[in-house]
Amino acid sequence: MKLKRYSFFSLVFIVFIGLYIYSFNGEFYKLNIFDISLNLPIAIWIILPMIAFYISSFFHMAYYGFSNYLAVRKYETDYKSMIEFLKNIVLNKDTYDIEFKTKEYRNIANFILSSNLQIDKSFSSREKELNSVVKIFTKIENGDYIKDLKLNKNNPLYLKNFKNRLKIEPKFAIDILKNPSEFDEKLVKEAYLKIIQDGDKKEIFRFIDNSKIDKEIANALFEKYKDSTIEFSVEKIKDITNKASFNRDDFINLANILKSFEPDILISIFEELSIRFEEAEEAYIYVLLQLEMIDKAKEILDLSSEKEFLKLKAYLSLKEAGEHFQIELFI
């Protein structure tokens, strides 16, 4: 019962009882309390306890009503926070700044964070905000580009969104590479890979010196070099492998990428690389053995220490003994 209604009916009832009693007994009763003397109608003396009960019950109901109001407000606030929390989960945003006032909602949030939440693309709810973010998520996952998507540069969904744009608008890669500081490092890399993939020789060389060269980009460049889409000097090859921090396996992989080259060119490249990089020596010997340059390979192996190139030495020993194996088995 609402307090206003309770107060109205209580006061009506008290007045009714007072008037009823007064109607058949209008006498006064005198009560002495310490030095105070009160002379009031009997009807008033009767309704005074009722008034006291009303006042105490009013404040009792008001207190618990207000407490209940605060509790309900907490749940209403937490519900709104949970909607925001779920939106952030869908959009891969941080949720650390969202706090819940109730234990129940905190438990639900912790459960969601510890679970692998999968978004159903057919999801639908009465919450328009949730429907909206799921729609955005679904469009991006389906390869669409969402303009004016406000997410941090390091957000995976942000990166996916701009990857979609790169597929839809290949020329966007040039805009990214012109202003790399405005975009996430991963996206800048994707843009340069897109340029390499499209095989525009002019654009590849335009941005090569300003791009961060890692092993993936280096190998993509060498694939284009193998296909004669672009041309590199030996010095440029050295520069690329140095920037990408090529190791022994990377140089072996490079040898496999370029194995269709003319023998003299391939030998020249790896001879220069082996002089510059110790990690490229095994790849150079591997190239020589592939090309049946046995004497040259044996000369290098004989000058190496006992513990170096053991597999290649074993291959050469087997070959000299008349055994035939694929050199790739010894790499």
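Every number in this text was worked out from the coordinates using simple rules, so none of it is lab data. What you see is a predicted model; the values in this text were computed from it and never measured. Backbone-built Cβ (ideal geometry, glycine too); neighbour counts: all protein chains shown.
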Over the range 52-95, what number does the Rg to Rh ratio reach, with both radii from the alpha-carbon atoms and Rh per Kirkwood? 1.43
Whole-Hz ³J(HN,Hα) for each residue in the range 28-37, computed from phi via Karplus 6.51 cos²θ - 1.76 cosθ + 1.60 with θ = phi - 60°, x for glycine and proline: what do you get? 9, 10, 9, 10, 9, 10, 6, 9, 9, 10
Per residue of the range 145-160, what does 6.51 cos²θ - 1.76 cosθ + 1.60 with θ = phi - 60° give for ³J(HN,Hα)? Whole Hz please, x for Gly and Pro, Karplus curve as stated. 10, 9, 6, 6, 7, 8, 9, 5, 4, 8, 6, x, 5, 4, 5, 4
Percentage of interatomic Cα-Cα distances in the range 143-212 larger than 13 Å: 61 percent
Cut-off 15 Å (backbone N to label point 7 Å along Cα→Cβ of F9), residues of the range 56-86: 58
Name the chymotrypsin sites (Phe, Trp or Tyr not before Pro) in the range 1-108 that are in a loop by DSSP and that have at most 11 other C-beta atoms within 10 Å, would you? F34, Y96
Measuring from the longest principal axis of the C-alpha atoms of the chain, the long axis of helix 248-257 (C-alpha) lies at a number of degrees, nearest 10, equal to 70 degrees
What residues qualify as long-range amide H neighbours of Y29, i.e. H under 5 Å apart, gap of 5 or more or another chain, H built at 1.01 Å from N? L40, I42
Pop the C-beta distance of K236 and Y79 into the FRET formula with R0 = 56 Å and round what comes out to the nearest 0.05. 0.40
How far apart, in nanometres, would the label points at S124 and F16 be if each is projected 7 angstrom from Cα along the Cα-to-Cβ direction? 5.4 nm
Give me the angle, in degrees from 0 to 90, between the Cα long axis of helix 310-320 and the longest principal axis of the Cα atoms of the chain, rounded to the nearest 10. 40 degrees
Per-bin percent of Cα-Cα distances, the range 126-278 [5 Å]: 2, 8, 17, 17, 15, 12, 10, 8, 5, 3, 2, 1, 1, 0, 0
Longest DSSP-loop-exposure-free segment, trypsin sites (Lys or Arg not before Pro), the chain, at most 16 other Cβ within 10 Å: 3-100
Give me a comma-separated list of calculated 3J(HN,Hα) values for the range 233-241, in order, Karplus coefficients 6.51, -1.76, 1.60 applied at θ = phi - 60°, integers in Hz, x for any Gly or Pro. 7, 4, 5, 5, 4, 4, 4, 5, 5
If you average 1/r over every pair of different alpha-carbon atoms in the chain and take one over that average, what Kirkwood value in Å do you get? 28.5 Å
Using the structure shown, select from K139/K202; K243/K296; K139/K201; K186/K238; K167/K243; K160/K224 the pairs with a Cα to Cα distance greater than 31 angstrom. K139/K202; K139/K201
Given that compact globular proteins tend to follow 2.2 N^0.38 Å, what is the ratio of the alpha-carbon Rg of the range 1-142 to that value? 2.03
Cα-based Rg and Dmax for the range 240-331, where Dmax is the largest Cα-Cα distance (Å): 12.7, 42
Percent relative contact order for the chain, counting Cα pairs under 8 Å at least six residues apart, stands at 7 percent
